[in-house]
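The values are calculated or read from the model by the stated rules, or taken from the named source; none is laboratory data. Bear in mind that the values here come from a model prediction, so they are computed numbers and not experimental data. Every residue, glycine among them, receives a Cβ derived from its backbone with ideal geometry; neighbour counts consider all protein chains shown. Surface accessibility is based on the protein's heavy atoms, side chains included, excluding ligands, DNA and RNA. Shrake-Rupley method; radii C 1.70, N 1.55, O 1.52, S 1.80 Å.
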Amino acid sequence: MSARLRGYALFAGVAALFLVVAPLALPAFRLDELAKYLCFAIAALGIGLAWGQGGMLTLGQGVFFGLGGYAMGMYLKLHDADGDLPDFMVWSGVEKLPALWKPFESPVFAVAAVVLVPVVIATLLGVLVFRQRVRGAYFAILTQALAAAFVILLVGQQGLTGGTNGLTNFYDFFGQDPEADATQRRMYFVAAIVLGVLYLLARQLVKSRFGRLLVAVRDGEDRVRFLGYNPATVKTITFAISAGMAGIAGALFVPVVGIISPSLLDVVPSLELVVAVAIGGRYTLAGAVLGAVAMNYAKTSFSEQWADGWLYLEGALFIGVMTLAPRGAVGVYEQVRDAIARRRKPVPAPSTASEVPA
């Protein structure tokens, strides 16, 4: 079987696991948790594309996750208010709906904003940063500072964003009760399907000519520039795509979990996504998805039994992986697979010189 057919077969097997086995085997509560993990996996997929394939270590993916989440949350709060002010605005003493909120009365505008707002902001940031040849640790620090500033902005605007509490208490999601088991089950399937579609699109992008150029920029940006290409354009497009993925993840997170707040978008959650991608394997898209699901499952499991020690364990895992297995879990698997294949490969028999008659 060729490598391409093995890839399709593996994808079909994983899809069957998430779409058939998991809904049948897991209780409603655990299925809701898995849906949350899949939302984080979508955001991690964008990090895998930007960092793993393009070499852009983004520590502020929570910004774009939050933009998508707040866009969806604003529409849901306005829909629940049914022409009145959202509840938190009433509590904060707001007397008139802010102009920023008015367009989000339209579901079409809200859904479009989920993707377009993160993409536009990432594009503007990329144009300003990458043209100045900012990269490496400087770019990482810049995105981290952006995440911190975004959280401060959200917390300080109580009447506009809900402040520290964020947006919560959603009672209707496009005609469905968000807390009903049937709705949560549908949201799980939506998250799983969206993740699968985005993964296939990202994989196709990586396999394309643009993807090969992106890897070339990661491995030797100056060489690519000398060959006549503009690395800033390549990196800006990729960064914008990863931001759009994070926005979609945030929008799905809102009906799945029922809240979007600054604590979910801070520097620490963004760093946890990066750690998850590193542990899974940042050089492959599958590794990014695997790392996000596995890390969040481990976080939930260990936090239930050892709440105070999870952060120490997470830090130890990150240090251990980056030191001993920099290519992550998928990289370790590939090394083992290649070693087994080399052992199974038959050794050719030594050739003997034929006798030449006198």
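Go through 247, 328, 62 and say which Cα lies farthest out towards the positive end of the charge dipole of the chain; charges sit on Cβ, +1 for Lys and Arg, -1 for Asp and Glu.
328
Quote the charge dipole size of the stretch 69-148 about the Cα centre in Debye, to the nearest 20; the model charges only the Cβ of Lys and Arg (+1) and of Asp and Glu (-1).
About 720 debye.
Looking at 187, 114, 145, which one has the Cα that reaches farthest to the positive end of the dipole of the stretch 61-196 (charges on Cβ: Lys, Arg +1; Asp, Glu -1)?
About the Cα centre, the residue reaching furthest to the positive side is 145.
What 222 nm value per residue comes from the helices of the chain, counting each DSSP H run with n ≥ 4 as -39,500 (n - 2.57) and dividing by all residues, nearest 500 deg cm²/dmol?
-23000 deg cm²/dmol
Using alpha carbons only, how many angstrom separate the centre of the stretch 1-48 from the centre of the stretch 52-120?
Each part reduced to its Cα centre gives a spacing of 27 Å.
Calculate one ³J(HN,Hα) per residue across the stretch 239-247 by plugging θ = phi - 60° into the Karplus curve 6.51 cos²θ - 1.76 cosθ + 1.60, and present them in order as whole Hz with x for glycine and proline.
In residue order, the calculated couplings are 4, 5, 5, 5, 5, x, 4, 5, x Hz.
At 10 °C and a viscosity of 1.306 mPa s, what translational diffusion coefficient does Stokes-Einstein give for the stretch 1-134, taking Rh as the Kirkwood radius over Cα pairs? Give it in µm²/s as a whole number.
Here the translational diffusion coefficient equals 86 µm²/s.
Once the dipole of the chain is set up with Lys and Arg at +1 and Asp and Glu at -1 on Cβ about the Cα centre, which of 41, 23, 230 lies farthest towards its positive end?
230
Angle between the Cα long axis of helix 181-207 and the longest principal axis of the chain, 0 to 90 degrees, nearest 10?
40
Excluding the sites themselves, what is the longest stretch of the chain that contains no trypsin sites (Lys or Arg not before Pro) in a DSSP loop with at most 14 other C-beta atoms within 10 Å?
My reading of the result: 134-358 is the longest stretch.
Report, in debye and to the nearest 20, how large the dipole of the chain comes out about its Cα centre when Lys and Arg carry +1 and Asp and Glu carry -1 on their Cβ.
Details: 28 positive and 23 negative charges, 417 e Å.
In total the dipole reaches around 2000 debye.
At a 1.4 Å probe, what is the % contribution of carbon and sulfur to the accessible area of the stretch 221-298?
Using a 1.4 Å probe with all protein chains present, the stretch 221-298 comes out at 67 percent carbon and sulfur.
Enter the angle in degrees (range 0 to 90, nearest 10) between the Cα long axis of helix 28-47 and the first principal axis of the Cα atoms of the chain, meaning the one along which they spread out most.
Tilt relative to the chain: about 70 degrees.
Taking only Cα atoms, what is the 0 to 90° angle, nearest 10, from helix 267-280's long axis to the longest principal axis of the chain?
Value to nearest ten degrees: 20.
For the chain, with every protein chain kept in place, what is the accessible area per residue (1.4 Å probe, Å²)?
Numbers: 18900 Å² over 358 residues.
Accessible surface, normalised per residue, equals 53 Å².
May I ask you to derive the FRET efficiency for residue 87 and residue 335 from their Cβ-Cβ distance with R0 = 56 Å, giving the value to the nearest 0.05?
0.55
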